[in-house]
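Novice: This is the structure I want to talk about, given as C-alpha cells.
The values are calculated or read from the model by the stated rules, or taken from the named source; none is laboratory data. If you're wondering where the values come from, they're calculated on a predicted model, not measured in any experiment. Cβ: placed from backbone, ideal geometry, glycine included. Neighbour counts: every protein chain shown.
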Amino acid sequence: MNASRIALVTGANQGLGRALVEGLAARMGPEDLVLLTGRSHQRVADAAREVAQAPGTRSQVQGRVLDVTDTDAIARLADELRARHGGVDVVISNAVARVLPGESQAERADEFIDVSNTATHAILRSFGPILRPGGRLIVVASSLGTLGHLDPKLHHLFDGASLDQVDYAVESWRSAVHNKTAEEAGWPRWLNVPSKVAQVAAVRAVAVERRERDLAANTLIASVCPGMVDTATSRPWFSDYSQAQSPSQAALAVLDLVFAEHVDAALYGELVRFGKALPWHGGTPPMEQDQMLRP
C-alpha cells in the first residue's frame, strides 16, 4: 500500500468497529487517514477524538456521520473520497443492527436487513469501483454465512448468484417475513442466518467479476468471521463467554488480513476465519437457534 492511504470503517464508534479503527490508526502512517463512521454525531465525534488522542495512534483519525441505511449517503461519501483523494485503500463494512433475544425477529427484520444487507450491497457497489490497486474491501460477517446453514431448497437463491440476484433473494426473504410465509418457505426464524449468508453471497458475487484483475493488482475483496466477540450486540445471545475475545483481540486477525503484504488467492472472495477460508457449502441449518426463539 502506498503513502497517504485512506481507510474507512462503518459501525465504528464502539465494539469491534472501534477496535478496527484503533488497529488501523496504529499500523498506518502519519500521512494516512482513518475515517471512523457511525450514525450518532456525538458518539462518532467522541470516539474519533479518543482514538486520535490514544498513545498508540500514528495516523490521522476523523469521525464522519454515516447512516448505512441511507444508500444515497454511502454513494455520496464514495464520490467525495474519489474526488478528494482519488479513491480509498481500506473499507471495512462492519455495521450491524442490535436485536435482543426477547424481541420479535419479524418486527426487527426491516432494520436488520437494511443495516446488514442493503447497506453491504451499497458499500460493495459504491466503494468497489474506487478501491485503489493494493486495496482491501472487507465485509464483517460470521461463520453462519456459509450456504449449508440454510435449508437446501433456498441454496439456488445464493449459490453462484450475481449481486442483483442476491438483492432479489434478500427482498424475497423480507417479503416472506412480512407475509408470515418465511418459515413455510424454509427461512430460519433467526434473522442472523439468512442475513450472513446473503452478505457472504454478495461478496462472492462482486469478487467473481473482479478476481483476475484484483489478484494482478494485489487487491483483496473478502468477508470475514471474527469469531465470538464480547460486545453489547452479541453478549445477550450467549450464556458462556469464557471463550469470547475482546474486540481488540478479535480485530487482530482482520487487521492481519488487511495488512498482509501479498493477497492469498485462496482467500480472495471467500469467508475468512483466522486466516483460513471456510467452505462455502459447509454448515448445517442451526435448528437450535430457531428453538431458542420459540415462545
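Novice: Mind checking which residues of the range 102-124 are more than 13 Å from the chain's Cα centre (by Cα) and among the small types (G, A, S)?
Specialist: Hits for the range 102-124 are G102, S104, A106, A109.
Novice: Also: Report whether or not E22 is within 22 Å of the chain's Cα centre (by Cα) and assigned to a helix (DSSP H, G or I). So that I can check it myself, show each step before the final result.
Specialist: On the way: within 22 Å of the chain's Cα centre (by Cα): yes; assigned to a helix (DSSP H, G or I): yes.
Taking the combined requirement at face value, the residue satisfies it.
Novice: Quick check: is even one residue across the range 203-226 more than 30 Å from E261 (Cα to Cα), in a helix (DSSP H, G or I) and free of Cβ contacts under 8 Å to residues at least 40 places away in the same chain? Steps first, please.
Specialist: So the first thing to find is which residues in the range 203-226 are more than 30 Å from E261 (Cα to Cα), and the list is none.
Looking for residues that are more than 30 Å from E261 (Cα to Cα), in a helix (DSSP H, G or I) and free of Cβ contacts under 8 Å to residues at least 40 places away in the same chain, one finds none in the range 203-226, hence no.
Novice: Filter the range 168-188 down to residues that are outside any helix (DSSP H, G or I) and at negative phi, then give me how many there are.
Specialist: Just the residues of the range 168-188 that are outside any helix (DSSP H, G or I), to begin with: 179-181, 186-188.
If we keep only those that are at negative phi as well, we get 179, 181, 187-188.
Looking only at that region, the number is 4.
Novice: Looking at the structure I just gave you, is E50 out of contact with any strand residue (DSSP E or B) (no Cβ under 7 Å at 6 or more places or on another chain), in a loop (DSSP other than H, G, I, E, B) and either of a type in the set (A, V, I, L, M) or modelled with pLDDT of 95 or more (or both)? Write out each step before concluding.
Specialist: Numbers: out of contact with any strand residue (DSSP E or B) (no Cβ under 7 Å at 6 or more places or on another chain): yes; in a loop (DSSP other than H, G, I, E, B): no; either of a type in the set (A, V, I, L, M) or modelled with pLDDT of 95 or more (or both): yes.
Taking the combined requirement at face value, the residue does not satisfy it.
Novice: Sticking with this structure for a sec: Would you check which residues across the range 229-262 are more than 28 Å from A217 (Cα to Cα), outside any loop (DSSP other than H, G, I, E, B) and either over 18 Å from the mean Cα position of the chain (by Cα) or modelled with pLDDT of 80 or more (or both) and list them? Walk me through how you get there before you give the answer.
Specialist: First, pick out the residues of the range 229-262 that are more than 28 Å from A217 (Cα to Cα): 229-249.
Imposing the further condition that a residue be outside any loop (DSSP other than H, G, I, E, B) reduces the set to 229, 235-237, 245, 247-249.
Once the filter is applied, which keeps residues that are more than 28 Å from A217 (Cα to Cα), outside any loop (DSSP other than H, G, I, E, B) and either over 18 Å from the mean Cα position of the chain (by Cα) or modelled with pLDDT of 80 or more (or both), the range 229-262 yields R235, P236, W237, Q245, P247, S248, Q249.
Novice: List every residue pair whose Cβ atoms sit under 7 Å apart, with the two residues 6 or more apart in sequence or on different chains, where the first one lies in the range 1-29 and is surrounded by 23 or more Cβ atoms within 10 Å (Cβ to Cβ) and of a type in the set (G, A, S) and the second, anywhere, is in a loop (DSSP other than H, G, I, E, B) and modelled with pLDDT under 95.
Specialist: Within 7 Å, the pairs are G11/A95; G11/V96.
Novice: Restrict the check to the range 100-107 and report whether at least one residue is touching a Gly at 6+ places or on another chain (Cβ under 9 Å), on the phi < 0 side of the Ramachandran plot and either in a helix (DSSP H, G or I) or charged (D, E, K, R) (or both). Outline the logic, then answer.
Specialist: Filtering the range 100-107 for residues touching a Gly at 6+ places or on another chain (Cβ under 9 Å) gives none.
No: the range 100-107 contains no residue that is touching a Gly at 6+ places or on another chain (Cβ under 9 Å), on the phi < 0 side of the Ramachandran plot and either in a helix (DSSP H, G or I) or charged (D, E, K, R) (or both).
Novice: A follow-up question, please. How many of the residues in the range 105-143 are touching a helix residue (DSSP H, G or I) at 6+ places or on another chain (Cβ under 6 Å), of a type in the set (S, T, Y) and surrounded by fewer than 21 Cβ atoms within 10 Å (Cβ to Cβ)?
Specialist: 0
Novice: A further question follows. Only one of (1) in contact with a Gly (Cβ under 8 Å, 6 or more places away or on another chain); (2) part of a helix (DSSP H, G or I); (3) aliphatic (A, V, I, L, M); (4) within 24 Å of R211 (Cβ to Cβ) is not met by L154, so which one is it?
Specialist: Answer for L154: the failing condition is (4).
Novice: Residues being out of contact with any Asp or Glu (no Cβ under 9 Å at 6 or more places or on another chain) and either closer than 25 Å to T231 by Cα or among the polar types (S, T, N, Q) (or both): count how many of those fall in the range 120-139.
Specialist: Summing the residues that are out of contact with any Asp or Glu (no Cβ under 9 Å at 6 or more places or on another chain) and either closer than 25 Å to T231 by Cα or among the polar types (S, T, N, Q) (or both) in the range 120-139 gives 5.
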